[in-house]
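To keep things clear, I will list the structure first and then write my remarks on it.
The values are calculated or read from the model by the stated rules, or taken from the named source; none is laboratory data. For clarity, every value in this text was computed on a predicted model and none was experimentally measured. So basically every Cβ, Gly included, is an ideal-geometry build from the backbone, and we count neighbours across all protein chains shown. Surface areas here come from the heavy atoms of the whole protein model, side chains and all, with no ligands, DNA or RNA. Shrake-Rupley method; radii C 1.70, N 1.55, O 1.52, S 1.80 Å.
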Amino acid sequence: MLKKLVFTTALTLAAFTLQSQAQEPRRGGTIRFTAPYAASFVSNDSHVSNQIQDEIYGYALHRTLYKWDSTNNKPVLELAKSVTTSADGLVHTFKLRDDALFHNGRKMTADDIIWSYTRLMDASKNYPGAAYIRRIKGAIDVQNGASKEISGLKKIADFTLEITLIEKGEPGFLFRTATTSILPAKEAQDPNFFNKPIGLGPFKFVEHVPGSRMVFERWEKFYVAGKPYADRLLISPMGEAAARDVAFRNKEIDVSILGPSQYVAYQADANLKKGILEVAEVFTRNMGMNPTYKPFSDKRVRQAINHAIDADLIISRLVRNKAYRATSWLPLSSPAYDKALKPYAFDPEKAKKLLTEAGYPDGFEFEWTASPNESWGVPIVEATIPMLAKVGIKVKVKPVEGSALGGIVAKGDFQAYIWSNTSGPDPLTQMKCFYSKTPRSACNYTTFSNPEVDKLIDEAGATDDLAKRNEILKKANAIVYDEAPVWFFNYNKAVLAHQPWLHGLQPNATELALQYYEDLWVDASSPAAK
Amino acid sequence: MLPYVIRRLIQSVPILLAVAGLVFVMFSVIPGDFASTQMADGRSVVDAEQVARMNTQFGLDDPVHIRFANYVGKLLTLDLGTSFRTRQPVINSLLERIWPSLQLAMAAMLFAIGVGVPLGFLAALKPGGWLDMQSMIVAVSGLSLPQFWLGLMLMYGFALILGWFPSFGYGDGNPRYLVLPAVALGVAPLALLARTTRAAVLEVMNADFVRTARAKGNSEARVMRWHVARNAAVIVLTTLGLQFGSIMGGAVVIEKLFAWPGIGSLLVDSVSLRDIPVVQACILLLVLFFLIVNIIVDVLCALIDPRIKYT
């Protein structure tokens, strides 16, 4: 099963690589993209929002120090040509591109990066990108008002920048999202800058009709020769899946993110099926168990829950196979994914035995906090109720609004919750969510604590050898799997439907809706080809 | 008349304050705050320190009564506050969205009046006749169909199958984009207007003054225009004013469905992200629209029917 999944993922990557190589990209036309997670964008300032919805336009307008390489599933340099790292792994010296021009024609220099990162640490604004920048030495001092400059950012020359981090790690995982976009230092201080922002991205801002669309046009002086291909890019925020479906079928938009029911419908349609891109995203759906609730403090109870629920049945019937069965925390697309691990078998008898051993021969009752989400919310919980009842466990559902779930979990105000949490792309960062010193509010939601896991994470963080690091993390992941702080449900299978005339889509496992638009192009059959 | 209008406008102030208070209390007791919504995607982590900073920044760590006093104080100086999401004044977001919302509301109302009133009027001319039966079917269907479902059906029928209109978006002021959302939004008020008009016309047609007008030898057309229609109009206008509220409420669903950039879609996004200043401002604006429209309706009623006197 797992081999098949890995093979399928590899095949998807290969197919897309081959497809993009086989056809000669066409210049011109308009790409009509959709942002499917809300009815609007927050603002024209990419630093303000951490929502994927806003990152979707950020990829058109801006660039970051690194970008995500979807084919090789790793971060790669974007605004720098090379990087050297000091022996202690903390100081990174970047040779910046000298051909990256802002949309007003001015060359980007190290000053722009320093200014952008310093801006993000402005405590009065609470920019979400600060979560990454604070890993630079001295960044917290700026946030606390103790300094105006980040000591770990040093301009060596106009196109040479030195970044000193507070701990070892791949900087590519820190400086790649649109929340850390590089803005033009001088221009961005103009109070009217964000009415018509400029950036380093492949497309120039034309207009934003809030709640309706963002329009961009090709930046002719983009630093990648010949790109972008399209003349224009139109991004429409469309939060309603049913409306997206009609618009897609009506050929008004070029892409649509599909939910489980639409996935089934599109697969059943011979024409629509041809334009489906599937990726195992770095999200692990799980039921977290609070160890302060007595039954969940016992590993055997947590394992019993993993054995009592028929996850495969739920995935096939309710999630409509729009997910991959979870076999541990780190997902299929993680470089530290452990192919050797097998999912907990559906075995009610074993579950009963474990419960008896733990002192709960008659089961127990718990409250399960869940949002209405169709793939990892109340509908899933309801499906598990009869399964858990068979081993004597009674479930009381506590429905909460999706936007409130995070706050409830971070405060520990739950006995159990069901959620979809990011489990990548950096396996080290993700495994730190099971590090005993990581507080609950900073992602160790089940207050997991295991000295052996701590030791392995420390070891992984200390090594510079990526392959070795991943092997160490695999061991930590296996212990977490055995300890079962969560019910390992599934890994998200993101599905993007695209029109036959749109080419160059990237199977981005971090979030499929995020595409580097400079690689996309429309052929002559698009209604917006001219 | 002017003193009446001024009095009504002054009376609106406590209503608006009461609504503001109600919304404030609601968002103080329901679970979730802006900081925690930032991690709703399961991807972002907002640690306790960040939450504390955000709460301080937005004044959310003050006691409820202080927050409310600050809010009302600002409101009285017409300061709607700063959006948590955009870090920009709320008024900016509202100004961007008012015109599309008004366009949609007016188009929906025109559709409802343009079809509903004549339909009800014609139905009343021959009670129990074919047209009356048909109009009542339309009215009952219009009132019972959920707007979301109706909107989807319109999209399927008129965008996907017939290809007459675009299925979503605002366009560049092209009225083709307005048709489907306006129809979806206008059907329920249309139905109610048709029923109200029919009932009002039937009632007036049986009134003594109409019989007298006919007995005086007035032509049927004159009786209908000057006596029946004019007197029925007061009832219809009153219904119209009340239906404006339903249109503004329905816009929350329809605007999101059709990706229409109005106050409704702004409200939906702001609620889910707990951007409380924007939610409060949107609701106040919708209530204000409703109050103003009803004042206008009252004035129109007085102009149409000389018996109505406002002092």
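Please list the radius of gyration and Dmax for segment A:177-295, considering alpha-carbon atoms only, with Å as the unit.
Final numbers for Rg and Dmax: 20.2, 63 Å.
Using only the alpha-carbon atoms of segment A:326-430, report the extent along each of the three principal axes, biggest first, to the nearest angstrom.
41, 36, 24
So if we plug the beta-carbon distance of residue B:18 and residue A:455 into 1/(1 + (r/R0)^6) with R0 = 51 Å, what FRET efficiency do we get, rounded to 0.05?
0.25
What average number of partner chain Cβ atoms lie no more than 10 Å from the Cβ of the residues making up A:47-58?
Average per residue, whole number: 3.
Can you work out the accessible area per residue across segment A:30-107, with the rest of the protein chains kept in place, probe 1.4 Å, in square angstrom?
Result: 30 Å² of accessible area for each residue.
Other chains' Cβ within 10 Å of A:229-238 residues: what's the mean?
Averaged over the peptide's residues, the number is 2.
How much accessible area per residue does segment A:119-239 have, in Å², with a 1.4 Å probe? Walk me through the numbers before you get to the answer.
Values: 4680 Å² over 121 residues.
Ligands and nucleic acids excluded, the result is 39 Å² per residue.
Can you quote the Å³ per residue value for the convex hull of the Cα atoms in segment A:84-157, rounded to an integer?
So the per-residue hull volume is 107 Å³.
Quick one: what are the phi-derived ³J(HN,Hα) couplings along segment A:494-510, Karplus 6.51/-1.76/1.60 with θ = phi - 60°, whole Hz, x for glycine and proline?
7, 10, 10, 8, 9, 6, x, 8, 8, 10, x, 5, 10, x, 7, 6, 6
Could you tell me, in Å, what Rg and Dmax come out for the Cα atoms of chain B?
Gyration radius and largest Cα-Cα distance of chain B: 23.5, 84 Å.
Do any cysteines of the protein assembly as shown lack a neighbour Cys whose Cβ is under 4.7 Å away, and which are they?
If one checks each Cβ against the other cysteines of the protein assembly as shown, B:282, B:301 turn up with nothing under 4.7 Å.
With θ taken as phi - 60° and the coefficients 6.51, -1.76 and 1.60, list the Karplus ³J(HN,Hα) couplings across segment A:165-172 in order, rounded to whole Hz; mark glycine and proline as x.
So the J values, rounded to whole Hz, are 8, 7, 8, 5, x, 6, x, x.
For segment A:240-265, state which residues have at least 50 Å² less accessible area in the presence of all protein chains than in their chain by itself, taking the probe as 1.4 Å and leaving out ligands, DNA and RNA.
A:240, A:246, A:250, A:252
Return the subset of A:67/A:493; A:353/A:493; A:81/A:437; A:74/A:186 for which the Cα-Cα distance in this structure is over 28 Å, preserving the input order. Please list the in-between numbers first.
Working: A:67/A:493 22 Å; A:353/A:493 33 Å; A:81/A:437 36 Å; A:74/A:186 32 Å.
Long pairs (Cα-Cα over 28 Å): A:353/A:493; A:81/A:437; A:74/A:186.
Take the Cα atoms of segment A:383-482, find their three principal axes, and give me the spread along each one in whole Å, biggest first.
Sorted from largest, the Cα extents of segment A:383-482 read 46, 30, 23 Å.
Beyond 20 Å, what share of the Cα-Cα pairs of segment A:44-121 is found? Please give it as a whole percent.
42 percent
At a 10 angstrom cut-off on C-beta neighbours, averaged per residue, how do the peptides B:107-117, A:166-176, A:449-459 rank from highest to lowest? Numbers along the way, then the final one.
Numbers: B:107-117: 21.5, A:166-176: 19.4, A:449-459: 16.1.
The packing order, highest mean first, is B:107-117, A:166-176, A:449-459.
What percentages, rounded to whole numbers, describe P(r) for segment B:1-113 computed over all alpha carbon pairs with 10 Å bin width beginning at zero?
Cα pair-distance distribution for segment B:1-113, in percent: 11, 28, 34, 19, 7, 1.
Given points 7 Å out from each Cα along the Cα-Cβ axis, report the residue A:147 to residue A:482 separation in nanometres with one decimal.
For the pair residue A:147/residue A:482, the computed spacing is 4.3 nm.
If the chain between residue A:467 and residue A:187 were fully stretched, how many nm would it gain, using 0.36 nm times the residue separation less the Cα-Cα distance?
96.5 nm
Report the accessible surface area buried between chains B and A, summing both sides, using a 1.4 Å probe on protein heavy atoms only, in Å² rounded to the nearest 100. Before the final figure, lay out each step's value.
Details: alone 16410 and 21730 Å², together 33820 Å².
For B against A, buried area totals roughly 4300 Å².
List every residue whose amide H lies under 5 Å from the amide H of residue A:283, counting only residues 5 or more places away in sequence or on a different chain, with H placed 1.01 Å from N in the peptide plane.
A:423, A:492
Rounded to the nearest 500 deg cm²/dmol, what is the calculated helix-only ellipticity per residue at 222 nm for the protein assembly as shown, with -39500 (n - 2.57) per DSSP H run of length n ≥ 4?
After summing the helix terms and dividing by residue count, I get -14500 deg cm²/dmol.
From Cα coordinates alone, what are the radius of gyration and Dmax values for segment A:138-181 in angstrom?
For segment A:138-181, the Cα radius of gyration and maximum Cα-Cα distance read 11.7, 29 Å.
Might you report the magnitude of the Cβ-based charge dipole of the protein assembly as shown about its Cα centre, with Lys and Arg at +1 and Asp and Glu at -1, to the nearest 20 debye?
1520 debye
In units of 2.2 N^0.38 Å, what is the alpha-carbon radius of gyration of segment A:122-231?
For segment A:122-231, the normalised Cα radius of gyration comes out at 1.27.
Give the accessible surface of segment B:1-83 per residue, rounded to a whole number of Å², with probe radius 1.4 Å and ligands, DNA and RNA excluded.
53 Å²
Give me the one-decimal Kirkwood hydrodynamic radius in Å for the protein assembly as shown, with the sum taken over alpha-carbon pairs. Could you put the intermediate results ahead of the total?
Working: mean 1/r = 0.0339 Å⁻¹.
One decimal place: 29.5 Å for the Kirkwood radius.
To one decimal place, what Kirkwood hydrodynamic radius in Å is obtained for segment B:85-184 from all pairs of distinct Cα atoms?
Result for segment B:85-184, one decimal place: 15.9 Å.
Give me the percent of the accessible area of the protein assembly as shown that comes from carbon and sulfur atoms, probe 1.4 Å, all protein chains in place. Each step should come with its number before you reach the end.
Values: 20350 of 33820 Å².
It is 60 percent, rounded to a whole number.
Tell me, what ³J(HN,Hα) does each residue in segment A:308-317 have, in order and in whole Hz, if you take phi through Karplus 6.51 cos²θ - 1.76 cosθ + 1.60 with θ = phi - 60° and put x for Gly and Pro?
7, 9, 7, 5, 4, 5, 5, 4, 6, 8
If segment A:257-396 were replaced by its equivalent ellipsoid, with semi-axes equal to the square roots of 5 times the Cα gyration tensor eigenvalues, what would those be, largest first, whole Å?
Working: eigenvalues 191, 58, 34 Å².
Its equivalent ellipsoid spans semi-axes of 31, 17, 13 Å.
Restricting to Cα atoms and excluding each atom paired with itself, what does the Kirkwood estimate give for segment B:31-90 in Å?
12.8 Å
Go through segment B:263-311 and name the trypsin sites (Lys or Arg not before Pro) that are in a DSSP coil and have 14 or fewer other Cβ atoms within 10 Å of their Cβ. All intermediate terms of the calculation are to be shown ahead of the outcome.
Details: sites: B:274, B:307, B:309; in loops: B:274, B:307, B:309.
Filter output for segment B:263-311: B:307, B:309.
At a 1.4 Å probe, which residues in segment A:201-219 are at least 30 Å² less accessible with all protein chains present than in their chain isolated?
Going by heavy-atom accessible area, the residues of segment A:201-219 that drop by at least 30 Å² are A:210, A:211, A:212, A:213.
Going by amide H atoms built from the backbone, whose H comes under 5 Å of the H on residue A:147, apart from near neighbours?
HN-HN under 5 Å from residue A:147: A:142.
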